[in-house]
Each structure stands twice: as C-alpha cells, then as structure tokens.
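Report on one structure; see the data block that follows.
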Amino acid sequence: MNKLENIPVQAKSDKKRTNPLARVFDELIQFCQSRSMFMLHYCTGCGAIELPPAMTSRFDMERLGIQPMVTPRQADILLVTGYVSVKTLKRVLLTYEQMQSPKYVIGICSCTVNGGMYWQSYATAKVLNEYMPVDVYIAGCMPRPEAVIAGLRRLMSNIENGKGDAWKDYYKRYDYYLGNQQHLFGDDWQTPVDVIGEAKFYGLEGEETYGEHTKILEQHQEPLEAQVMRVKL
Amino acid sequence: MTSITSITEILAELLLMPMIAFICGLVMVLMYRKIAARLQRRIGPPFFQPVYDIVKLYSKDTQISHGLIHDIGIVVAVGGYVAAVILLPIPGMDGIADKGGIITLSYFLMIPSLGMALGVGQCANPNGSIGISRALTAMLAYDIPFIIVVFGVATHYQSTSLVGMIEYQQAHQWGIFEMPLLAAAGLFTLQGMMGKHPFEIYVAPAEIATGPMVEMSGKFMGGLFVMQSFQFYVASVLYVSLFLGGGSSWFDFLLKIFFVVEIPMSISFLFPRYRTEDMVRIMWKWPVMAALIGIAFVI
C-alpha cells in the first residue's frame with residue numbers, strides 16, 4: 001500500500017459540477033473549516049510560553065473552535081512558535097508534510113519572520129516561508145496572547161473567504177521550496193512523503209512543481225517502502 | 001396488510017433511531033466539552049462545535065488511508081454502535097429490541113473496540129498498537145463487571161428483553177431502588193465503558209499521542225468523532241433502560257439520559273488516570289464485588 005495509485009480515495013477532479021447546491025456546500029464547508037481548527041503546536045523557542053494562557057481560562061481558544069491536537073495527521077494548523085534552527089527545520093518539514101490538506105502554517109514571533117535576534121546565527125533558518133508556505137505571521141518578541149488570537153482570527157476570516165489556500169503553493173511551487181531546503185540540508189535531502197506523487201494524484205501540479213531541484217531529488221530518491229518492525233531480543 | 005404496515009414501521013424506526021441517537025450524541029459531546037470548560041473556568045465551545053468538527057473532518061482534501069482493513073475497521077466501529085442503537089428501546093419506538101434482547105446487545109457493544117483494533121492494526125504505528133492493546137485490556141476490565149451486572153438484572157426481571165424490563169419498571173419500581181448495588185456497579189462500569197478519566201489510559205494524548213487515533217486523518221477521524229457521539233448515547237440509554245425505568249415520555253427520557261451521562265463526565269475531569277494494570281485491578285475488585293453481592297440479594 002505504498003503506491004499512491006492504490007490509495008482508495010477519489011481525487012478532486014475539474015469536472016463541471018452539476019449539483020445546483022454546490023456553492024452552498026462549499027460555503028458551508030469553508031465556514032466549518034474556519035470554525036473548527038485543530039492545532040499542532042511545534043513549540044520551538046520562547047513563543048511557546050504565550051500559548052498556555054491563550055488556551056486556558058484567561059483567553060480560551062476553544063470558544064473559537066481551536067483545540068490542540070497531538071499528531072500531525074489530525075491537525076489543521078501548524079504553529080511554529082519561535083526560531084527554527086537548521087536541525088529543527090527538518091523536523092518541522094517532516095511534520096508539515098504529514099499533515100492533511102487543507103493545512104495552515106502560522107509563524108509566531110519575529111524569529112520566524114526574519115530571524116529576529118538570531119539574525120546573525122549560522123545555525124538558524126531565518127525566513128520560514130522560504131521552506132514552507134506560511135498563511136499568517138504574528139510578529140512580536142514575543143507576541144501577547146491577544147496578538148496570537150488576533151492572528152488566529154485573521155486566519156479564520158481568510159479561510160472563510162476562501163483565501164486560506166497557501167498549502168496549494170507547496171505543491172505548485174515545490175521546486176522552489178525544495179531548492180531552499182536542499183541549500184540548507186544538502187543535495188541528498190529527502191522526506192518520507194512523496195510530495196510530487198501527491199501533487200500528481202490530487203491534481204495540484206503547477207509549472208514550478210518540477211525543476212532543477214526535483215531532478216537532483218530524483219537522482220538520490222530511494223523508493224518508499226514500509227518499515228519493517230523488528231524486535232531486538 | 002398489517003404485516004406490510006408493521007414492516008414499514010420497523011424500517012422507519014431503523015432509520016429514525018440512529019438519527020435520533022446521533023443528534024442526542026452530538027449534544028452529549030457538546031455537553032462533555034462544556035462541562036470540561038466550566039470546570040476549568042473557561043467559556044467553552046459554541047453550540048454547533050461538534051457539527052463543525054465533523055463537517056470539517058469529512059471535507060478534508062487529502063486523506064491517508066493505510067489500506068482496506070483500515071477503512072473497514074472504522075466502518076465496523078461506527079456500525080457496531082449503530083447496530084446497538086436499534087436494539088435500545090426509546091419512547092414510542094422499539095426497533096428490534098423485543099427480538100434482540102440484552103445478550104445480543106452486550107455482544108454488539110464489543111464490536112466497536114474490535115473494529116478499531118482491526119483498523120489501527122494496519123496503520124503499523126507503534127503508538128497506535130500500544131493504544132489499542134491498552135484499549136482491549138480496558139475492555140476486558142470493564143466487561144467482566146458489566147456482564148455480571150447484566151446477568152444480575154436479567155435474573156431479577158426473569159427476562160433478557162429490554163422492552164420487558166422497562167415495562168416492569170414502569171409498572172412497579174425503578175431498578176435502581178430494587179437493586180442499588182448492581183446500579184452502583186453499573187455506574188462504575190459506565191465510566192470505563194465511556195473511556196473517560198480515570199480510565200482513559202488508552203487515549204493518553206501526551207504519552208502515546210491519542211493511542212488508537214494516532215494515524216487517523218480526515219474521514220477516519222470524522223468516523224471516530226461520530227462513533228464517540230454514539231458511544232455516549234448507547235452507554236446512557238442502556239443504563240436508563242436497566243435501572244431508571246426507561247422513558248415513558250420524550251421529556252422524561254431525555255432528562256434521564258442527559259443526567260446519567262453527565263455523572264461520568266463531571267467525574268472525569270476531577271481525576272488523573274489509572275495505569276492499565278491498576279484499572280484492571282480496580283475494575284475486577286470493587287464493581288465486581290458490589291455486583292456479586294447485589295446478585296446474592298437478587299437471587
């Protein structure tokens with residue numbers, strides 16, 4: 001079950017939709033997506049300290065329908081709360097690629113915007129949206145819970161108006177993002193998720209999905225296989 | 001002619017009863033989250049939050065399926081509860097309750113855990129495997145007192161039919177007054193059956209990343225959310241039918257089921273969780289003891 005063709009899920013097609021209520025359903029779905037966001041917080045750096053007050057009794061995110069989830073499979077939003085070192089960025093990317101679309105990324109703190117106080121550091125990835133599409137940035141060092149909630153409300157209104165589709169950018173311009181990743185991690189960088197295969201399967205390919213960087217990837221790419229579970233005795 | 005009307009009546013009931021169960025279950029999920037919020041001095045989610053969650057999960061654009069058994073497992077998990085719902089009499093509708101009886105029902109209540117075990121097994125995620133092994137151990141823990149309680153109740157009423165039990169209770173006295181020990185053991189078992197704190201070890205979000213749900217995305221998670229709402233409903237209606245005299249009217253019935261389901265929910269946020277072996281120990285000690293003494297009184 002490692003080949004994408006075998007996955008028994010229908011892809012969205014560009015067929016003309018005949019249902020007269022299609023628009024109504026779309027709006028309903030967008031509304032529900034904006035009112036129910038499961039959040040995966042990747043707590044790097046100091047911004048994480050502002051999330052507990054935003055979640056608990058003082059500011060209570062749950063009244064907006066935002067609740068924490070623990071695995072990337074279940075989550076909709078990836079919160080990156082602080083500076084991302086090169087080593088951390090690999091983990092953030094693995095997490096991001098495992099999430100199911102539509103998925104949103106929020107960069108909290110100045111460090112994700114432009115490196116912040118780590119601007120001169122050699123070990124820190126400065127601009128987060130060079131490596132993955134970011135929906136909303138919340139600047140500040142660190143932003144207060146009010147600012148975090150304002151940012152989440154901004155994301156909600158974006159989704160409701162149909163603008164929250166930055167995740168498609170990762171498939172459409174995969175070459176660009178992969179190039180930046182390879183620049184940091186070296187040419188043999190490969191994640192377990194076959195992004196190009198997914199883009200093909202779901203019909204999300206763009207002109208920049210393929211390029212010089214994906215060619216490098218194809219040279220090094222090892223075929224995906226199920227990991228064999230062994231018990232060492 | 002009468003047979004045709006009775007068949008259409010039963011078919012309508014088979015459709016209506018799961019729908020009622022689903023709506024009641026959604027309100028129960030909302031109540032669960034609201035109680036959690038109030039105990040933590042928060043406002044809590046808006047009224048339609050469970051609906052938003054389920055619609056959103058079913059409308060995800062990409063899904064990861066780990067294979068056929070993964071898909072079927074979720075269907076079995078939800079289907080087990082849907083099958084259990086049509087065996088539970090509600091005011092005005094008996095479904096096939098008079099043909100099934102409580103023994104069939106207690107078999108049906110095991111199907112969801114087994115279905116989930118099938119589905120999670122194919123995910124090959126270590127956290128999921130740990131979670132489901134804990135869930136099945138927990139099922140073993142609460143099923144022993146549950147079966148003893150069911151046996152005691154059936155002995156007392158001299159019947160295995162839920163319809164008969166409810167009629168007897170409405171004519172005479174509620175079961176909770178006639179067999180208080182069995183009712184107490186049943187309430188204890190309910191806490192385990194609903195998988196709430198302190199018997200929530202198989203979910204354990206911070207330790208094993210929600211256990212069985214770890215690889216569930218989109219529609220699969222949506223299926224589990226639907227399953228949870230059915231689970232609340234089935235557990236509470238079963239308890240109401242056994243001990244609180246079922247429902248004579250809709251008002252009465254809804255009041256009772258929401259009262260019953262509210263007790264474990266309120267308890268659940270006041271305790272940390274037991275480990276699996278402690279859960280087995282406590283479940284096989286106190287409720288079993290209470291239920292056995294209760295049976296001795298009944299016989």
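For the reader, a short list of remarks on this structure follows.
- All Cα-Cα distances of the protein assembly as shown, cut into 10 Å bins from zero to the largest, leave 4, 16, 25, 24, 16, 9, 4, 1, 0 percent in each bin in turn.
- Per DSSP, loop trypsin sites (Lys or Arg not before Pro) in segment A:25-130 with at most 13 further Cβ within 10 Å: A:58
- Alpha carbon centroid spacing (whole Å) that separates segment B:23-67 from segment A:126-193: 26 Å
- Under the simplified labelling scheme, the residue B:293-residue A:188 pair shows an inter-label distance of 6.9 nm, with each label point 7 Å from Cα along Cα→Cβ.
- Normalised contact order of segment A:27-155, rounded percent, pairs of Cα under 8 Å and 6 or more residues apart: 26 percent
- Distance from the C-alpha centroid of segment B:209-271 to that of segment A:21-48: 26 Å, rounded to the whole angstrom.
- Loop trypsin sites (Lys or Arg not before Pro), segment B:30-68, which have at most 12 other Cβ atoms in a 10 Å radius of their Cβ (DSSP): B:41
- Over chain B, volume per residue of the alpha carbon convex hull, in Å³: 137 Å³
- Among the GluC sites (Glu not before Pro) in segment A:167-213, those located in a DSSP loop and surrounded by at most 12 other Cβ atoms within 10 Å of their own Cβ are A:207.
- Selection from A:140, A:89, A:124 lying farthest towards where the dipole of segment A:15-167 points positive, charges on Cβ: A:89
- Proximal charge balance of residue B:94 [Cβ under 15 Å; K/R count +1, D/E count -1]: -3
- Label point distance in nm, residue A:31-residue A:207, each placed 7 Å from Cα along Cα→Cβ: 3.8 nm
- Residue among A:221, A:120, A:100 with the largest mean-square fluctuation in a Gaussian network model of chain A, springs linking Cα atoms under 10 Å: A:120
- If only the Cβ of Lys and Arg carry +1 and only the Cβ of Asp and Glu carry -1, the dipole of segment A:15-167 around its Cα centre is close to 280 debye.
- Listed by chain and number, the aspartates and glutamates placed with their C-alpha closer than 17 angstrom to that of residue B:34 are A:60, A:62, B:53, B:262; residues fewer than eight positions away on the same chain are left out.
- Cross-link check: pairs B:56/B:196; A:168/B:219; A:87/A:168; A:163/B:196 evaluated at a Cα-Cα cut-off of 30 Å; pairs beyond the cut-off: A:163/B:196.
- Estimated vicinal HN-Hα couplings, Hz - segment B:10-27 in sequence order (Karplus 6.51, -1.76, 1.60; Gly, Pro = x): 5, 4, 4, 5, 5, 7, 6, 4, x, 5, 4, 4, 5, 5, 4, x, 4, 5
- Among A:161, A:180, A:19, residue whose mean-square fluctuation peaks in a GNM of chain A (springs only between Cα atoms under 10 Å): A:19
- Projecting label points 7 angstrom from Cα along Cα→Cβ for residue B:271 and residue A:141 puts them 4.9 nm apart.
- Think of the protein assembly as shown as a dipole: +1 on every Lys or Arg Cβ, -1 on every Asp or Glu Cβ, centred on the Cα centre; then among B:19, B:84, B:152, B:152 lies furthest on the positive end.
- Note on segment B:2-298: with charges restricted to the Cβ of Lys and Arg (+1) and Asp and Glu (-1), its dipole about the Cα centre is near 860 debye.
- Sum of side-chain charges, residue B:195 neighbourhood, beta-carbon under 11 Å (Lys, Arg +1; Asp, Glu -1): +2
- Taking amide hydrogens as placed 1.01 Å from N in the peptide plane, the amide H of residue A:103 sits under 5 Å from those of A:167, each at least 5 positions away in sequence or on another chain.
- Rounded Å value of the spacing that divides the Cα centres of segment A:206-223 and segment B:118-168: 52 Å
- Residue-wise HN-Hα couplings along segment B:154-171, as the Karplus relation 6.51 cos²θ - 1.76 cosθ + 1.60 with θ = phi - 60° gives them from phi, are 5, 5, 5, 7, 6, 7, 10, 8, 5, 4, x, 4, 5, 4, 4, 5, 6, 7 Hz; Gly and Pro carry x.
- For the protein assembly as shown, the Cβ-based charge dipole about the Cα centre amounts to some 980 debye (Lys, Arg positive; Asp, Glu negative; other atoms uncharged).
- Taking amide hydrogens as placed 1.01 Å from N in the peptide plane, the amide H of residue A:84 sits under 5 Å from those of A:125, each at least 5 positions away in sequence or on another chain.
- Over the protein assembly as shown, dividing the summed -39,500 (n - 2.57) contributions of all DSSP H runs of at least 4 residues by the number of residues returns a 222 nm mean residue ellipticity of -19000 deg cm²/dmol.
- Taking the DSSP beta bridges with both ends in segment A:15-167, the antiparallel portion is around 10 percent.
- Cα-based shape type of segment A:82-204, given that a ≥ b ≥ c are square roots of the gyration tensor eigenvalues and the cut on a/c is 1.5: oblate
- Taking amide H as placed 1.01 Å from N in the peptide plane, residue A:41 has its amide H under 5 Å from the amide H of A:69, A:79, each at least 5 places away in sequence or on another chain.
Bear in mind that the values in this text are calculations on the coordinates, not laboratory data. If you're wondering where the values come from, they're calculated on a predicted model, not measured in any experiment. Neighbour counts run over all protein chains shown; Cβ positions are idealised from the backbone, glycine included.
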